[in-house]
Amino acid sequence: MTSRSDLPRLSRYRVEALLECPVWEPGPGSPAANFGKAAHRALELWANDPAAEVAACIAAGVAETQGFPAERHDELVRMVTQYAGNREHPREGGWAVATEVEMERTADGIAVLSGIADRCDTLPDEGAVRIVDYKTGWSAVKEPESAPFQVLFYAGLASRLHLAAEWFRVEIHALQTGWVHSWDLGVEDVEEWWQGMAERLGDVLANPDKRPTGGPACGFCKKRWECGAAVTALAHAPTTDAEAEEVIRETVRLEAAADERKKALRAYMDKREATTIAGVRLGYELSKPAVRVLDKERALALGVAELSKPSPRWAMK
Ligand code: SF4
């Protein structure tokens, strides 16, 4: 039997991505990820010290985050200040608070699965466990219909840390809007979900014929610029008028966005030589033929070829 130390170690993020696409590869930290990192650090400092000034926590979060996007500083201050100002401190009511809690659990001899909860609060006398996850992106504003993968996964991990707990409350705090989504999950339901998830993961890891399948994980995948399947999620056909309206609005916005991006590229290439970037030919090129004899007889008499004015051509396939 394979020992625990021989098993692959997979984070929550990686497991979720692998179940969406078996050939997902993590990409480098984006400015958005660094924005989120600074916010998480600021809130970690705040949760650990009720007397801490929120402004000082934000300043520390920014200072400790390499690659923090400076142009989003005011947005960070507004977001974290509003969040912390509009609610009780997590330690109110006798909760014991732990931040950046590392949890792990073996999945049926397949892998050791792990996750880091932003916050794990416990009420020692009542055996209650509250797991909190902060979201800093705008996509977190939608009301999820059912408990998302991450919520169930964290509850599954937490059940190994808190063996006496009979249920778990998992909360997603959307910092941009202040919305809190909350799920109360019984231990049995969590266990049933965990077994199903582990089975699917075992299939993915054992399947040698892996193909990209697309999905939300594409946004964080290193291959997303080359992978044709990266747009698969967009092919989802609407099933209601409301969904159709969303698709229409998104299409209008994307077309306008594509136009703006092309203009931006034109401005960038305006004073540069034509070149190929990421397999795409960019820039102004001479239309062919670049040298044209306008009048053959006259040219022969002069002994030169008369040059036509080259007409530049913008090329972007
Ligand atoms: S970009 Fe391609 S390989 Fe990456 S997650 Fe999406 S579908 Fe998979």
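Whether any residue in the stretch 61-68 is part of a helix (DSSP H, G or I) and assigned by TED's automatic domain parsing to the domain that holds V170 is what I want to check.
No, the stretch 61-68 contains no residue that is part of a helix (DSSP H, G or I) and assigned by TED's automatic domain parsing to the domain that holds V170.
Quick one: in the stretch 1-34, which of the residues that are small (G, A, S) and at pLDDT below 85 is farthest from the ligand (Cβ to nearest atom)?
Selected residue: S3.
Which members of the stretch 69-99 meet the condition of being exposed (fewer than 11 other Cβ atoms within 10 Å of the Cβ) and not in a helix (DSSP H, G or I)?
Selection gives N86, E88.
Check E250, E226 and return the single one that is closer than 30 Å to V80 by Cβ and outside the structural domain of G115 (by TED's automatic domain parsing).
So the residue among E250, E226 that is closer than 30 Å to V80 by Cβ and outside the structural domain of G115 (by TED's automatic domain parsing) is E250.
Restricting to the stretch 201-213, and then to whatever is assigned to a helix (DSSP H, G or I) and within 16 Å of the ligand (Cβ to nearest atom), can you tell me which residue is surrounded by the most Cβ atoms within 10 Å (Cβ to Cβ)?
The selected residue is L201.
Please work out which one of (1) part of a loop (DSSP other than H, G, I, E, B); (2) touching a Pro at 6+ places or on another chain (Cβ under 6 Å) is the condition P50 fails and give its number.
Unmet for P50, out of (1) part of a loop (DSSP other than H, G, I, E, B); (2) touching a Pro at 6+ places or on another chain (Cβ under 6 Å): (2).
Looking at the stretch 41-71, which of its residues are under 27 Å from I131 (Cβ atoms) and under 20 Å from the mean Cα position of the chain (by Cα)?
Correct list: R41, A42, L43, G61, V62, T65, F68.
A242 passes all but one of (1) more than 16 Å from the ligand (Cβ to nearest atom); (2) among the small types (G, A, S); (3) in contact (Cβ under 8 Å) with a residue 12 or more places away in the chain; which number fails?
If we test A242 against (1) more than 16 Å from the ligand (Cβ to nearest atom); (2) among the small types (G, A, S); (3) in contact (Cβ under 8 Å) with a residue 12 or more places away in the chain, just (3) comes out false.
Can you tell me how many residues in the stretch 214-233 are more than 6 Å from the ligand (Cβ to nearest atom) and of a type outside the set (D, E)?
10
The values are calculated or read from the model by the stated rules, or taken from the named source; none is laboratory data. All values reported here derive from a predicted model rather than from experimental measurement. Cβ sites come from the backbone with ideal geometry, for glycine too, and all protein chains shown count toward neighbours.
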